[in-house]
Amino acid sequence: MSASILVAEAVWKDIESTRSVSNDQLSTLHFLFGKNFERATRIVDQRGVKRISGEPSGRFIFQVVGESRRKEEYFCFAECYCACYSFFYDIVNRGEQLCCKHQLAARLAASLEACIEVKVSDEKLALLLSKL
Ligand SMILES: [Zn+2]
């Protein structure tokens, strides 16, 4: 794992324990993620992150709005996957970034408990995942 990922992980853990973001944490996240962090913050501010949880398993996936006027929504896992174009292009292909703004928004919203919580049956969640 890269040092940046470990640093980011430590910051997220701190935010999760206090449910707030200090100025120091903000500058660290900004240093690590740059413009993508600003974009993620805007998404969280407009309540653009849903956490869709299956019951009874508790497994979940995030659904995050994009910033374009069409307001597409992307399914993503905060740590490892997003269905958006940037994830495949900038992260998987070119390896230039750690994660996309949707993943960041998901992580930030989860850490601050700012997600819109949606409960579905496990069957419905499985169906959703099978379409990714
Ligand atoms: Zn994305």
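Rule-based calculations on the coordinates, nothing more; no lab input. Values in this document were obtained by computation on a predicted structure and should not be read as measured data. Virtual Cβ from ideal backbone geometry, glycine too; neighbours counted across all protein chains shown.
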Practice task
Pick out the one residue from GLU55, GLU123, GLU96 that is of a type in the set (Asp, Glu), farther than 21 Å from ALA8 by Cα and either loosely packed, with under 11 Cβ neighbours inside 10 Å or within 13 Å of the ligand (Cβ to nearest atom) (or both).
Solution key: GLU123
Practice task
Scan (1) outside any loop (DSSP other than H, G, I, E, B); (2) more than 22 Å from LEU128 (Cβ to Cβ) for the single condition VAL92 breaks and write down its number.
Solution key: (2)
Completion exercise
Over region 99-120, the set of residues within 16 Å of the ligand (Cβ to nearest atom) and of a type in the set (Gly, Ala, Ser) is ALA105, ALA106, ALA109, ALA110
Exercise for the section: For region 78-93, enumerate the residues that are over 13 Å from the mean Cα position of the chain (by Cα) and either among the aliphatic types (A, V, I, L, M) or more than 7 Å from the ligand (Cβ to nearest atom) (or both). Expected result: TYR85, PHE88, TYR89, ASP90, ILE91, VAL92, ASN93
Completion exercise
Filtering region 48-77 down to residues that are over 14 Å from the mean Cα position of the chain (by Cα) and in a strand (DSSP E or B) yields SER53, GLY54, GLU55
